[in-house]
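Heads up, the thing below is written out as structure tokens.
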Amino acid sequence: MKEDSPFMTAAPVLVPMPAERAYTYAVPEGMLVVPGSIVRVPLGPRLVAGVVWDGAVERVEAKKLRPIDHVFDCPPIDHDMRRFVDWIAQYTLTPPGLVARMLLRAPEAFDPEPWIEGLQRTAIAPDRMTAARARVLETADGGLAWTRSGLAHAAGVSSTVIDGLKAQGAFETVMIPPRPVVAPPDPTYARSELTPDQAAAAETLHASASAGAFGVTLLDGVTGSGKTEVYFEAVAAALDKGRQVLILLPEIALTHAFLERFQSRFGAKPAEWHSDLAPKTRERVWRQVAEGTVRVVAGARSALFLPFKELGLIVVDEEHDPAYKQEDRVFYNARDMAVVRGHIGAFPVVLASATPSVESQVNANQGRYGRVDLPTRFAEAALPTLRSIDMRRAPPPRGGFLSPLLVAEMGKTLEKGEQSLLFLNRRGYAPLTLCRVCGHRFGCPVCSSWLVEHRFRGQLVCHHCGHNEKRPDACPECGTFDHLVACGPGVERIAEEVVATFPEARTIVLSSDLVGGVRRLRLELEAIANGDADIVIGTQLVAKGHNFPNMTLVGVVDADLGLANGDPRAAERTFQLLSQVTGRAGRTGKKSLGLLQTYQPDHPVMKAIVSGDAAAFYEREIAERERAALPPFGRLAGIIVSAETRQEAEAHARGLRRAVPEASDIFVLGPAEAPLALVGGRHRFRLLIHGEKRSDIQGFVRRMLADGPKLRGSVRVSVDIDPQSFL
Ligand code: ADP
Ligand code: ZN
């Protein structure tokens, strides 16, 4: 630390607040802090946890400073992580304090977990021996320390037997350290026999992980080609080198199967990290990652902010997945930030996908990323045959949503004792309810969206803010009874149709709002994998990564669903989602079929999927992006202005528009009312900033915000660099 006066040192401390820079605190005499130390400091009337940051402390009068209250007994946040926080703050235009807050999510873990009291055998023999006592002494003979209850359990005696022995001096009390959350992985535990293709791919990844320098490799392999097996070899290489590994997964529901698979390869599970962990486990994982006890973490995007001691590899599985984008407080894309983290830490990053993002494809094509291909499925399993069903020619019966062609194939699949999956990316029963008499539509009172009927729960629900109400019997507008109609299908309604058509089949509906949460979901997924269901109806949740051995038919109920909106990634997203979904079929070598119900069978996306010609699709999509200077050939930033009244939001957005700096290479579109004009009672307007590839879009937005109107009243402004959503 730099000294300001012979009597007082000071340190910059980043506090978890929307502060633009670190605040300066006095370091009391005798207290030792270094950059990265986690400390407790006074902030207004409160005490908060913060991180000692880098940089010189300006000369300040010592008596004006408030002192650091406490230094936690915790490994300091390392240099690379601090650079990472600074980088994200700069790039996303987020105050660094808010980014640092993501590092500080396990406050109970800042102090070490207390050691627990244990018992250890002494040389003293008890004066009277019983059979129970003999068993205890035999069990504890190895010199290991035991907990009282652990020893009693292992020896099959009651705890009072242990107490008796202790009273006699046969055991003494020792302190034992907290147990690791997971056992250490063994890189040589059970290496799979790889196919020649896989071995070549693994060799490339292994080499880059061993070299331990920065580099990004795109692992592009069709569904079921063994990408996981292959990147496990990179994980093994990093572990061999004594480095920690982070594996990012897009979906908690996928974690369980992944953990087991990891365990069969490495003999122990990785630590998991996501929002659904019990608080105690969460703290242990955080602490043990910092201390280096945990070697591998499999987790959601927030795992990027764990305080790794010696991180040496990041794998981003399903790298194209939109779930990697966080659109709340700090707007960041975990896939892109993983690459930044690798660059800062000088270690390799692997991006794996069967349907890579256009951005990663272009990076690989242009040589910035390496590329490893796995063009065929493991064990000669063929990819499903894909066909579109032209819904204009083979329409469903009145009131139904499944074409007779799809129903016929489902029947055949059922007869063969195999499984079908119907995919529809819509939760609930029906996306709109209206009154047949007066035309009243049920909308959310605080969002500009229709309420979705959830028939199992008897509710109308807003999917944006969670507002829900009981489905009434009468129209609230005209009062007519029993004339409300459901418009359009959700998964529940498809299930109804399936049950009516195949009453003897075992049908399961899966979506993220399943009663019973992640646990129930996991059980249902296991049940499907075990063959305990004939027909599965699900949202995008079932599209990702799962291995259902007996599934040979996939029907996409509405393949056009994602194509209609004005999103520049609509075609890419639809292609990815539909390829992933149909990729659930035929993973174990049985003949399989994927059917897409569509009203536009000639749409390029449908044709690309049906023909299986992914290369042609990407080529066309990349050319299209290049022509329109859209990412990755150009840059985008979204500005979202919201307020309690429409006038306030609009006035502020217009004020920002007027504050646009001079720039020949950057254009501003809008403000326009957002497609989701009202969310949670807040009115929303959007501006879109469109620049060239090398444009300083952050500098532009920064000046715009600085020169624009001051934030007043209920107005809030969010900046979304590289936006994925345009709603
Ligand atoms: P992807 O991630 O590309 O979809 P996976 O890694 O999940 O593919 O592999 C698909 C299936 O094939 C899994 O059940 C996996 O266990 C199996 N598999 C892949 N490669 C091998 C191999 N070399 N040896 C044994 N099983 C393999
Ligand atoms: Zn709402």
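The values are calculated or read from the model by the stated rules, or taken from the named source; none is laboratory data. Computed from a prediction, not measured in an experiment: that's the story for all the values here. Here the Cβ is made from the backbone with ideal geometry for all residues, glycine too, and neighbour counts use every protein chain on show. Keep in mind that these areas ignore ligands, DNA and RNA; they rest on the heavy atoms of the full protein, side chains included. Shrake-Rupley method; radii C 1.70, N 1.55, O 1.52, S 1.80 Å.
Some notes on this structure:
- Close amide H pairs (under 5 Å, H built 1.01 Å from N) link Gly118 with Val174, Met175, Ile176, residues at least 5 positions away or on another chain.
- HN-Hα J in Hz across the stretch 369-382 - Karplus 6.51, -1.76, 1.60, θ = phi - 60°, x for Gly and Pro: 10, x, 9, 10, 10, 10, x, 10, 6, 5, 6, 6, 5, 8
- This model, with +1 at the C-beta of Lys and Arg and -1 at the C-beta of Asp and Glu, gives the chain a dipole about its Cα centre of some 980 debye.
- Euclidean distance of C-alpha centroids, the stretch 467-542 and the stretch 572-610, integer Å: 23
- Close amide H partners of Thr9, meaning residues 5 or more places away or on another chain with modelled amide H under 5 Å apart, are Val27.
- Loop-resident sites, the stretch 267-374, for GluC sites (Glu not before Pro), counting at most 15 other Cβ within 10 Å (DSSP): Glu310
- As a length-normalised measure over Cα pairs under 8 Å and 6 or more apart, the relative contact order of the chain settles at 10 percent.
- 3J(HN,Hα) from dihedral phi, the stretch 149-164, Karplus parametrisation 6.51/-1.76/1.60, rounded to Hz, x for glycine, proline: 6, x, 5, 4, 5, 5, 8, x, 10, 7, 4, 5, 4, 5, 4, x
- Rg then Dmax, both in Å and based on the Cα atoms of the chain: 29.3, 94.
- Phi angles across the stretch 432-443 convert, under the Karplus curve 6.51 cos²θ - 1.76 cosθ + 1.60 with θ = phi - 60°, into 3J(HN,Hα) values of 8, 10, 9, 8, 5, 7, 10, x, 4, 10, 7, x Hz, Gly and Pro given as x.
- Partners of Lys590 within straight-line reach, counting aspartates and glutamates whose Cα lies under 13 Å from its Cα and excluding those fewer than 8 residues away in the same chain: Glu380, Glu418.
- Close amide H contacts of Arg584 (hydrogens built in the peptide plane, cut-off under 5 Å, sequence separation of 5 or more or a different chain): none are found.
- On a per residue basis, the stretch 634-721 carries 49 Å² of accessible surface, using protein heavy atoms and a 1.4 Å probe.
- Glu415-Thr588 FRET efficiency (beta carbon distance; Förster radius 22 Å; 0.05 resolution): 0.70
- Euclidean distance of C-alpha centroids, the stretch 277-300 and the stretch 643-673, integer Å: 43
- Percent accessible area from carbon and sulfur atoms, the chain, protein chains only, probe 1.4 Å: 53
- The alpha carbons of the stretch 634-721 give a radius of gyration and a Dmax of 12.5, 38 Å, in that order.
- Label-point gap, in nm, between Lys470 and His79 - each point 7 angstrom along Cα→Cβ: 6.5
- Only lysines eight or more places from Lys241 in sequence, or on another chain, were considered; those with a Cα closer than 25 Å are Lys227, Lys269, Lys309.
- Among beta bridges that DSSP assigns inside the stretch 196-379, antiparallel share in %, nearest 5: 15
- Lacking any other cysteine beta-carbon closer than 4.7 Å, the following Cys residues of the chain have no compatible partner: Cys74, Cys465, Cys487.
- Probe 1.4 Å - accessible area at Val719, Å² to nearest ten: 20
- Relative packing of peptides 398-411, 294-307 - highest average C-beta neighbours within 10 Å first: 294-307, 398-411
- Within the chain, antiparallel bridges make up roughly 55 percent of the DSSP beta bridges whose residues both belong there.
- Rolling a 1.4 angstrom probe over the protein heavy atoms with all chains in place gives the stretch 196-379 an accessible area of 31 Å² per residue.
- Prolate/oblate/rounded call for the stretch 196-379, Cα gyration tensor, a/c under 1.5 rounded: rounded
- 222 nm mean residue ellipticity, helices alone, for the chain (DSSP H n ≥ 4; -39,500 (n - 2.57); rounded to 500): -9000 deg cm²/dmol
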